[in-house]
Amino acid sequence: MSLSQDATDILKISEEKIQGIKSSYTEMIITIERPKWKKEMSMKGWSIGDDYFSSVVLSPVKEKGTVFLKRENEVWNYVPSIERIIKLPPSMMMQNWMGTDFTNDDLVQRSSVSEDYKNKIIGEENINGYDCWVIELIPNEDAPVVWGKLVMWIDKIDYMQLKTQFFDEYDEMVSVMTSNSIKNFGGKNLPAVIEFIPLDKEGNKTIIERLVWEFDIDINERFFLPNYMKNLR
């Protein structure tokens, strides 16, 4: 088996582990850090496969009830303060999601790293006691992705994505995502905490801490309908 084929298999196993084969439910705390302030939000979210994802803000009070919905390539927001359901136009896709360092596009694309990128194992490295493969990913020419290259560290036992470096089309590293605090969720060892740092914005960081993460559960498909968004709790 070639190293390239090995890398594809590794990536597929890693992706399936995160997404669940069918569906997932999560409760999380998102912390947004800026040079002069810090903000914390609690949320819960549901997903079915790659195409359907919805989340609702539980706190702080100011944003409570705000809903984000992804349906295939469409993105919708429900803003309780104005009681409006808004479909985001393409021009807003590169705006920051919920004030974090992630963009709306990051969440919508959720591209398949095993299908949209050519890949190869370029080394091995130990991260926080975990032996990892280091995999380089170059996007296919027709892939709907914004990155010029990814470098990913995946551990050899549980296939956890422990670190990812994001590069632009000029091969400049623009952001780094690291994963830690390994916990058991639904029988799977997974990182409970993810930190995303944009390198061009000093002092900026987004931290996602998952408190609950369940997989392959029954989810009401109404949770992914725009006209149901205001009912999400």
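For the structure I just gave you, tell me whether GLU33 is out of contact with any Leu (no Cβ under 9 Å at 6 or more places or on another chain), in a strand (DSSP E or B) and at pLDDT 90 or above. Considered against the rule, which asks whether it is out of contact with any Leu (no Cβ under 9 Å at 6 or more places or on another chain), in a strand (DSSP E or B) and at pLDDT 90 or above, GLU33 comes out as yes.
When TYR25, TYR52 are screened for being open to solvent by 60 Å² or more (accessible area, probe 1.4 Å) and closer than 26 Å to ILE13 by Cα, only TYR52 passes. Pairs are defined by a Cβ separation below 7 Å, a sequence spacing of at least 6 or placement on different chains, a first member in the stretch 72-97 that is open to solvent by 90 Å² or more (accessible area, probe 1.4 Å), and a second member that is outside any loop (DSSP other than H, G, I, E, B); the pairs so defined are ASN73/VAL108; LYS87/GLU74; LYS87/TRP76; MET94/THR103; MET94/ASP105; GLN95/THR103; GLN95/ASN104.
Evaluate the following for GLU15: is it open to solvent by 70 Å² or more (accessible area, probe 1.4 Å) and outside any loop (DSSP other than H, G, I, E, B)? So GLU15 fails the test.
Mind listing whichever residues of the stretch 167-221 are part of a loop (DSSP other than H, G, I, E, B) and either of a type in the set (Gly, Ala, Ser) or touching an Asp or Glu at 6+ places or on another chain (Cβ under 7 Å) (or both)? GLY186, GLY187, GLY203, ASN204, listed by residue number.
State whether the residues of the stretch 199-208 include one that is in contact with a strand residue (DSSP E or B) (Cβ under 7 Å, 6 or more places away or on another chain) and without any contact (Cβ under 8 Å) to a residue 40 or more places away in the chain. Yes: the stretch 199-208 contains one or more residues that are in contact with a strand residue (DSSP E or B) (Cβ under 7 Å, 6 or more places away or on another chain) and without any contact (Cβ under 8 Å) to a residue 40 or more places away in the chain. Anything in the stretch 98-118 that is charged (D, E, K, R), crowded, with 18+ Cβ neighbours inside 10 Å and at pLDDT 90 or above? List them, or say none. Answer for the stretch 98-118, where residues must be charged (D, E, K, R), crowded, with 18+ Cβ neighbours inside 10 Å and at pLDDT 90 or above: just ASP101.
Based on this model, can you work out whether VAL57 counts as open to solvent by less than 50 Å² (accessible area, probe 1.4 Å), closer than 28 Å to ASP218 by Cα and at pLDDT 95 or above? Here the answer is yes, as VAL57 does meet what is asked. The residues of the stretch 168-193 that are open to solvent by 50 Å² or more (accessible area, probe 1.4 Å) and over 20 Å from GLU15 (Cβ atoms), listed by number, are GLU169, TYR170, ASP171, GLU172, MET173, SER181.
Within the stretch 222-233, the set of residues being open to solvent by 50 Å² or more (accessible area, probe 1.4 Å) and either part of a loop (DSSP other than H, G, I, E, B) or of a type in the set (S, T, N, Q) (or both) comprises LEU225, ASN227, ASN231, ARG233. Looking at the stretch 119-166, which of the residues that are in contact (Cβ under 8 Å) with a residue 60 or more places away in the chain, assigned to a loop (DSSP other than H, G, I, E, B) and touching a strand residue (DSSP E or B) at 6+ places or on another chain (Cβ under 8 Å) is most open to solvent (accessible area, probe 1.4 Å)? The extreme case among them is ASP158.
The values are calculated or read from the model by the stated rules, or taken from the named source; none is laboratory data. A quick note: this is a predicted structure, and the numbers were derived from the prediction, not measured. We place every Cβ from the backbone using ideal geometry, glycine too, and count neighbours over all the protein chains shown. What goes into the accessible areas is simple: the full protein's heavy atoms, side chains included, and nothing from ligands, DNA or RNA. Shrake-Rupley method; radii C 1.70, N 1.55, O 1.52, S 1.80 Å.
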